[in-house]
Amino acid sequence: MLSKTHLEKCSKVQVPKIIRWQFKLEPDQILKVNISGRGGREPFYAKMGKDGRIYIPKTILFAAFGKLDNLTGVLVEIMLEPA
């Protein structure tokens, strides 16, 4: 599934509740996440928190965007699939 969302503070993205319900995503489920930025698409594995947020490691952000400063609010495209 593909979703566009804004990058939050502390390198997190919120998965919309409608998508979590539609695809029956559970907080304890491991997901393969692809994030698209200016540097291309970067894959990584993550677990979603109970609040629906996914933490994106700084190495992935650097590879996708080429910088780490002031990325809060940047529109990102994420693709989620079960691992």
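Taking the condition on the phi < 0 side of the Ramachandran plot, surrounded by 12 or more Cβ atoms within 10 Å (Cβ to Cβ), of a type in the set (Gly, Ala, Ser) and in contact with a Pro (Cβ under 8 Å, 6 or more places away or on another chain), does SER36 pass?
In short, no.
Among the residues of segment 21-33 satisfying the criterion of being surrounded by 16 or more Cβ atoms within 10 Å (Cβ to Cβ) and under 16 Å from GLU77 (Cα atoms), which is farthest from the chain's Cα centre (by Cα)?
Going through the qualifying residues, I end up with LEU31.
Since GLN14 meets every condition but one in (1) at pLDDT 90 or above; (2) surrounded by fewer than 16 Cβ atoms within 10 Å (Cβ to Cβ); (3) in contact with a Gly (Cβ under 9 Å, 6 or more places away or on another chain), which condition does it not meet?
(2)
Pull up segment 62-83, narrow it to residues that are out of contact with any helix residue (DSSP H, G or I) (no Cβ under 9 Å at 6 or more places or on another chain) and closer than 14 Å to LYS9 by Cβ, then point me to the one that is surrounded by the most Cβ atoms within 10 Å (Cβ to Cβ).
THR72
The values are calculated or read from the model by the stated rules, or taken from the named source; none is laboratory data. Because the structure is predicted, anything quoted here is derived from the model rather than measured. When we count neighbours, we look across all protein chains shown, and the Cβ atoms used for this are built from the backbone with ideal geometry, even at glycine.
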